[in-house]
There are 2 protein chains.
Amino acid sequence: MNRTLISETISKVGQEVLLKGWVNTRRDHGQIVFIDLRDRTGIVQIVASPGLVAGLHSEDVIYVTGLVKARPEKLVNLKLATGTVEIDAQKIELVSKATKLPFDLGQETLQLELPTLLDNRALTLRHPKVQAIFRVQEVIIDAFHRALKAKDFMEFQAPSIIPSIPEGGAEVFEVKYFEHKAYLAQSPQLYKSLLVSAFERVFSVNQVFRAEPSVTTSHIAEFTSLDAEMGFIDSWEEVKDMAEYAIKFILDEVQKNCVKELALFDVTIPVVPAKIPHLKMREAQQIIFERTGRDCRHEKDLAPDDEREICKWATEKHHSELVFISHYPTKFRPFYTYPDDADPEYNQGFDLLGRGREWLTGGRRIHDYQILLQHAREWKVNPAKIKTYLQAFEYGMPPLGGFAFGAERITMFVLGLSNIREASMFPRDMERVDVRLRSNNSVTKK
Amino acid sequence: MNRTLISETISKVGQEVLLKGWVNTRRDHGQIVFIDLRDRTGIVQIVASPGLVAGLHSEDVIYVTGLVKARPEKLVNLKLATGTVEIDAQKIELVSKATKLPFDLGQETLQLELPTLLDNRALTLRHPKVQAIFRVQEVIIDAFHRALKAKDFMEFQAPSIIPSIPEGGAEVFEVKYFEHKAYLAQSPQLYKSLLVSAFERVFSVNQVFRAEPSVTTSHIAEFTSLDAEMGFIDSWEEVKDMAEYAIKFILDEVQKNCVKELALFDVTIPVVPAKIPHLKMREAQQIIFERTGRDCRHEKDLAPDDEREICKWATEKHHSELVFISHYPTKFRPFYTYPDDADPEYNQGFDLLGRGREWLTGGRRIHDYQILLQHAREWKVNPAKIKTYLQAFEYGMPPLGGFAFGAERITMFVLGLSNIREASMFPRDMERVDVRLRSNNSVTKK
């Protein structure tokens, strides 16, 4: 008999089916045993005699042959996707026996400390609420693909091993590369800009690496960067508008495809108006000063408190949970950021803030080779170290810009997770690469 | 005026347009100058007076305002996608000046040695025939996504930094990971298998890393691995059939979407029958012996000559340019490969060969925790080093299998390229990370 997926049982009342999955929970009631069976499509209740299920417990892999029966209305448990049917088991085959679990995986929400959640990742990834996080993340990444493809962007695979660290050595992982030193890319920035000279519009979905020397709730050492870059722009606003389009496209897709997942976390996607409001950084600082009396008007950047306040302002004044901030001080942004023509002390870089946090960063880049070279030198970037990148500008580069954001961060912000590690299947940080580094000798201490 | 793309000019005869692109070539004919303008959609001829184009040369970025005119039939150059129209230039704006080129980028096929092609990557990626390689690659990767999504596989992002080298230290890059040693993943194999216990069917598109200590035409140190893994299989043939489906889906998409690109390289996609033929390795060796007299019947693997011969056989006997070979000797494949029940000396791993080369590899994996542990020990794999992976098996893993292949290799084989480096935008090898390692001090010699 062919396998029936659990989600398909609803339409098979009265039929015999073969189901395959994991024992999610087991409840013994004397001469009757209820097994909640889980597969990738949902959970269904199996009704069996004790003899059929002798010795079975959570996470055993079983194949169940049985009859699909409609359940009496009053018994329908709304938490089960397939609550309208149950399976009257005729035969149960044990295919893979699970060791006794270290904690109860059958709870509606896992009540585990973060280290326990991650130490047992192969197990906790089976929990429906944990899985929901990665279903949302998959939708975000897939929507990013489709949004950009629809605008004629070409996907490329950015290299991870890079020859040098153009902007200084902090927070970069060193790789022993044959007889040489190489590094892991912090972002595909230079490659995506370079590629504008060949393909005009490019995007990438790639792992990037940050050797953040601190343990915070919003940083991990390896994450999935969603990057886009476009040429022949008329203004930096064109880049901002493309970023707005991409984020809205993504949020719409999450809204449409993740109804169940959003409900599980009791969250809604951010409210945004037809046009996301925009402020220059100095304007934002003035508003914050007027609203709170806190004078940040001469700071070089917005502090976390400022970001929260300006998000509050955007929500109150513009009914928007997202807000663009642009025109940061030129000298505190990367060498390639385009200085504003009217006021070169500030540049045409921008951030998208939402719910008090930074969602996305982008901006126009310098396309003139000589100005770029001059900036590189002023920023103490050795041109010899970015030869391939500079070559693109040396031979004719159109006006360009782009944006980037982390898939894990967006997932975290949308679902209101308290730690970014929850939004990474296998988070890497100072203390962990799968297993904890300190206590585990599988990673050699230097 | 809004930008018109070059491909759109065909339908705008008689209209004034603004085109933006690069000077592809320039031909001076006294009082008239022809500029071939290139953008991401094609090439069109611009007709201008010498005064309008003074000083312009190849790769300058220009904005051209002009009138779209139909070209006299007899002048239509079939090599130009937009050969039926030309642009009578009224105004030309120089937006970005290119340095004089080190070689002629206007040739139909670049006649460059490989080092020159790669040393000037920012420039050679602009050539239409080089771009065609990456258009095909994009279609291959996108088709892989869609093929697997259509079969309910979930996409995941595989981590690149791994804690240890379970199968020995050769050909793995070491990373300085904070105060520890870590490594770059050679494949997402253990993660994708692990994830079957959570999501049943998963796939990934990820950069992977091989410290191949030799320079060959078919190896690079970083490449894009297309990986899939599935649970609840009834036999290894189910995995083979899924691989066959994926490859056929991909080739069909290339066929449909890359007509121009295939023509540029004067190639066709491999001919395959309704069902790709299949042989066990020992059967293949017997056939080779009978056809050539070369006795490889006791070898542990097929040599390159054998692969070519068996591909010839498949083409002649089955009109198939692809052929599956399975049942390699168990002890020469990885510890997790499933031994055949009838003859455990051979396993249920398989390769897909095509046009004399190895296209894809896959197989059924051991799902029983105790057998897996025992194999790990026999293969000298320390279980403590693959803790996260083993956890998935300890707590109930269904029968599983999967397959993997490199995007660059498939691109190379489909287009008949002579070196895999041509199919990588920025190939990394022993001698190169963007720039050549020996001659460039941007990569520090240890």
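Observations on the structure shown:
- Filtered by the rule that a residue be touching a Leu at 6+ places or on another chain (Cβ under 6 Å) and either more than 14 Å from every other protein chain (Cβ to nearest Cβ) or part of a helix (DSSP H, G or I) (or both), region B:63-72 gives a lone residue, B:T65.
- Residue match in region A:66-78 (condition: buried (at least 18 other Cβ atoms within 10 Å of the Cβ) and at pLDDT 95 or above): yes
- Selection status of A:E244, on the phi < 0 side of the Ramachandran plot and out of contact with any helix residue (DSSP H, G or I) (no Cβ under 6 Å at 6 or more places or on another chain): yes
- Here the condition is being crowded, with 22+ Cβ neighbours inside 10 Å, among the aliphatic types (A, V, I, L, M) and facing another protein chain (nearest Cβ under 10 Å); of A:A228, A:A221, it holds for A:A221 alone.
- Qualifying helices (runs of 4 or more DSSP H) (wholly inside region B:90-174; at least 3 residues being closer than 21 Å to B:V267 by Cα and within 12 Å of chain A (Cβ to nearest Cβ)): B:128-150
- Residues of region A:342-361 that are crowded, with 19+ Cβ neighbours inside 10 Å and either more than 13 Å from A:Y328 (Cα to Cα) or of a type in the set (A, V, I, L, M, F, W, C) (or both): A:F350, A:L352, A:L353, A:G354, A:W359, A:L360.
- Subset of region B:216-234 [β-branched (V, I, T) and more than 13 Å from the chain's Cα centre (by Cα)]: B:T216, B:T217, B:I233
- B:K331 over 28 Å from B:A274 (Cβ atoms), charged (D, E, K, R) and part of a loop (DSSP other than H, G, I, E, B): no
- Unique match (being buried (at least 22 other Cβ atoms within 10 Å of the Cβ) and either without any contact (Cβ under 8 Å) to a residue 60 or more places away in the chain or under 21 Å from A:V208 (Cβ atoms) (or both)) among B:V175, B:V196: B:V175
- Qualifying residue in region B:126-134 (condition: among the hydrophobic types (A, V, I, L, M, F, W, C) and either at pLDDT below 95 or in contact with a Ser or Thr (Cβ under 6 Å, 6 or more places away or on another chain) (or both)): yes
- Residue in region A:232-240 that is modelled with pLDDT of 95 or more and facing chain B (nearest Cβ under 9 Å) present: yes
- Candidate set from region A:1-22 (those that are touching a Phe, Trp or Tyr at 6+ places or on another chain (Cβ under 8 Å) and of a type in the set (A, V, I, L, M)); member that is surrounded by the most Cβ atoms within 10 Å (Cβ to Cβ): A:L19
So that you can scan it fast, the table gives a plain yes or no per residue for (1) over 26 Å from B:G406 (Cβ atoms); (2) touching a helix residue (DSSP H, G or I) at 6+ places or on another chain (Cβ under 9 Å):
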position: A:V130; (1), (2): yes, yes
position: A:V139; (1), (2): yes, yes
position: A:A147; (1), (2): yes, yes
position: A:D152; (1), (2): yes, no
position: A:Q157; (1), (2): no, yes
position: A:L195; (1), (2): no, yes
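- Listed conditions (1) crowded, with 18+ Cβ neighbours inside 10 Å; (2) at pLDDT 95 or above are all met by B:I43, apart from (2).
- Residue check, B:S235 closer than 24 Å to B:Y336 by Cβ and either aliphatic (A, V, I, L, M) or surrounded by fewer than 24 Cβ atoms within 10 Å (Cβ to Cβ) (or both): yes
- Residue in region B:251-270 that is away from every other protein chain (no Cβ under 14 Å), closer than 22 Å to B:R364 by Cα, touching a helix residue (DSSP H, G or I) at 6+ places or on another chain (Cβ under 6 Å) and surrounded by 21 or more Cβ atoms within 10 Å (Cβ to Cβ) present: no
- Residue match in region A:109-120 (condition: modelled with pLDDT under 95 and under 17 Å from A:K260 (Cβ atoms)): yes
- Remark: pairs (first residue in region B:37-66, of a type in the set (K, R); second residue in a loop (DSSP other than H, G, I, E, B); Cβ separation under 7 Å; 6+ apart in sequence or on different chains) = B:R40/A:E200.
- Any hit, region A:150-161, residues being among the aliphatic types (A, V, I, L, M), at pLDDT 95 or above and out of contact with any strand residue (DSSP E or B) (no Cβ under 9 Å at 6 or more places or on another chain): yes
- A:F103 being out of contact with any Asp or Glu (no Cβ under 8 Å at 6 or more places or on another chain), outside the structural domain of A:Q15 (by TED's automatic domain parsing) and within 28 Å of B:T388 (Cα to Cα): yes
The values are calculated or read from the model by the stated rules, or taken from the named source; none is laboratory data. As the structure is a prediction and not an experimental result, all values here were calculated from the model. Please note: Cβ atoms are built from the backbone with ideal geometry, for glycine as well, and neighbour counts cover all protein chains shown.
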